[in-house]
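Readers should treat all values here as calculations from the given coordinates under stated rules, not as data from a laboratory. Here the structure is a predicted model, which means the values were calculated and not measured. Glycine also receives a Cβ, built like all others from the backbone with ideal geometry; neighbour counts cover every protein chain displayed.
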C-alpha cells in the first residue's frame, strides 16, 4: 500500500516533493527476489541479474529437471549492500514472503518443531568463481526444530548431523569462528566413542557434539547460537553479500581478470539431504573430461554426505563410474540429465547433484572449467556433433588457453630413474618440481623470492587462492578430481595431484610424512598431474 501511495504522490502536482521521494519509491518498488519452482521468474539469459547459478537453476527448472525449489536475490541487491553496508529496506519482507511460498510448496514450516523446512544459502556471480564465496547449509534448525526433523525423518542421527553442520558453518562463515575450534571439539567426541570417521559417530555422540559446538560458538562469539531461523537466514544473506569483497574473492577476480560485475546473487533453496543414510549421497561431475576433453562422464560421488564434503575435499570420494553399482536406477537418470544438459547448453557442464533416499535432485549446472587441451578437443568434437558451429568453436578457445598446450611433462626415460613416494589422483595435468610449502602465505612469500615451491595441504580452501596461484604445483592428501583444488588448478593450467592418501601433513611443524619418510621445507619433490605420481 505504501508503494502505491508514493507512486500517486510522484504523479501528482508537487514536483519538488515528488522528486525528493522518487528515489525512495524506486528503491521500494525494485524487485529483489526471483522464484524458481512451480512458479519460475528467471531464465538463463539473466546471468548479470541472477548470477550464473540462479539463472541456471531457473533454467533447469523450466526444462523439467528435478531442482529443489527456491529463490534468488539479485546481484543489484548485493551492489546496494556493498554501497550502504546494510540490506535494502523491504528486502527481508520479500524474503519472508518467498519463504512462505516455499513452505506451501514443500508442505513444511521454517523453524517448525514438527516438520521443519530447512534451506541452503549460496552465492552465485555472473562469472563462475568456484568456492570463492560463502555457503551455509541446513538453515532453520534450532534446539526444537532438530527434534522435529528427527521425528519427521525417523532418523535421529541424520538430524543431529545436520544441526552440527549448521552450527559449524554458520559459526565459521557468518561469525568468523575458526574451523579448527570446531574440529577440536569433534576430535574429542570421536576419541570418546573410539571411532576415526565422522560417519561412525552415533546419534548420541552427535547430540553431544551439538552441545559442544554451541559452547565453542558462545565462547568465540560472546553470545548464544541464534535460535530464530529468520535471523539465521538474514545474517547468512549478509555474509554471502559480504563475501563478494573477501580477500579471496578479490584475488580470484584479479588473477582471472574478472571485471565489471555488480556483485554476487544469493540463492536460497529448499534443502535436500545426501546424508540421510546409505541410500543417499551427493556428487560433482563434468559431462566430459575437463582435463582431456574426452567424451566420457567424469566426476565423483560420496554416499551419506553433503555436497560441501566433495567440493571442499574433506573426504576422498568414489569415481562416478562406480555409481551404477551403488544405485543403477539413479545413475541411469543422471546419465539422461547429462545428455539433456549438454544438448541444452551446447557446452561441457559442471554439475552438482544430491540423492535423497534414492531420489535424484540437481543443485547446479555451469560451463565447466577446462584445460587448454580439453578446450581444443571439446570445440572440435562439438562441431563434429553439430552442437556448435565453427565460429562458436573458435570463440571457445581463448589465446591464453592455447599456451596450456605447451604444459611441461617429464621425460619418460628420466622418470624411470626416480623414486615414486606415493600416488594420488591426476587432478590437473602438467609437471612440477619444487620445495614443500605448507601454507598459502609461505608459498606466496617464497615464490616472490624466485623459489619454485609445491603447495602441500590436507585440502585447499578459497583462502589458499594466492598461494595456489604462486606455487609451481599443488598436492593434497584428501579430496578428489572435482575438489576445490582440482577445479581451480585446471582452470589455470596448473599441475595438481589430489587425494594422495599416504601423505600425512603436519602444517604446524612443516613436516609431511610419506610411508615413514619425513619431508620438510628444504626437501624437493616432483608431481605429475597426468599420472598422479609424487616423486622424490
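Using the average count of surrounding beta-carbon atoms within 10 Å as a protection proxy, the listed peptides 422-431, 240-249, 445-454 rank, highest first, as 422-431, 240-249, 445-454. Measuring r between the beta carbons of residue 62 and residue 322 and using R0 = 41 Å, the FRET efficiency lands at 0.80. In plain terms, if you count all Cα to Cα distances in segment 93-154 and split them into 10 Å steps from zero, the share in each step is 21, 40, 27, 11, 0 percent. Each residue, residue 41 and residue 420, gets one label point 7 Å from its Cα in the Cβ direction; the gap between the two is 5.5 nm.
With neighbour counts taken as other beta-carbon atoms within 10 Å, the residues 353, 186 rank, fewest first, as 186, 353.
Annotation: extensible slack from residue 536 through residue 294 equals 84.0 nm (criterion: 0.36 nm per residue apart, minus Cα-Cα distance).
Available extension along the chain between residue 385 and residue 451 is 19.2 nm, counting 0.36 nm per residue and deducting the alpha carbon span. Note on volume of the Cα convex hull per residue in Å³: of the candidates (i) 162; (ii) 145; (iii) 175, the value calculated from this structure sits at (iii).
For residue 93 and residue 247, a Förster radius of 35 Å and the Cβ-Cβ distance give a FRET efficiency of 0.60, rounded to the nearest 0.05. Given R0 = 25 Å, the distance between the Cβ atoms of residue 359 and residue 203 translates into a calculated FRET efficiency of 0.60.
Dividing the Cα radius of gyration of segment 97-239 by its Kirkwood radius returns 0.98 for Rg/Rh. When all alpha-carbon pairs of segment 412-535 are counted, what percent fall beyond 18 Å? Looking at segment 412-535, the distances longer than 18 Å represent 43 percent of pairs. Computed across segment 180-327, the Kirkwood hydrodynamic radius from all distinct Cα-Cα pairs reaches 18.9 Å.
Here the label points at residue 238 and residue 521, each 7 Å from Cα along the C-beta direction, are separated by 3.9 nm in the simple model.
Per the Debye calculation on segment 326-405 with a single equal scatterer at every Cα and no solvent contribution, log₁₀ I(q)/I(0) for q = 0.15, 0.17 Å⁻¹ amounts to -0.62, -0.74.
Put simply, when 455-463, 375-383, 50-58, 268-276 are sorted by average Cβ atoms within 10 angstrom per residue, most first, you get 50-58, 268-276, 455-463, 375-383. Under Stokes-Einstein, with the Kirkwood radius over Cα pairs as Rh, the value for segment 31-270 at 10 °C and 1.306 mPa s is 85 µm²/s.
Label-to-label distance, residue 144 versus residue 392, with points set 7 angstrom from Cα along the beta-carbon direction: 5.4 nm.
Based on DSSP H runs of at least 4 residues, each adding -39500 (n - 2.57), what is the mean residue ellipticity at 222 nm of the chain after dividing by all its residues, to the nearest 500 deg cm²/dmol? The helix-only estimate for the chain comes to -12500 deg cm²/dmol at 222 nm. Taking Cα atoms only, the orientation of helix 47-62 departs from the longest principal axis of the chain by about 90 degrees.
Separation of segment 190-224 from segment 405-451 is 38 Å, based on Cα centroids. The long axis of helix 15-29 is offset from the longest Cα principal axis of the chain by roughly 50 degrees.
Each peptide among 89-95, 222-228 gets the average number of other Cβ atoms lying within 10 Å of its residues, and from highest to lowest they stand as 89-95, 222-228. Were the residues from residue 193 through residue 367 laid out at 0.36 nm apart, the gain over their Cα-Cα distance would be 58.3 nm. Take the alpha-carbon centre of segment 316-357, take the same for segment 467-536, and report the distance between them in whole Å. Between the Cα centre of segment 316-357 and that of segment 467-536, the gap is 28 Å.
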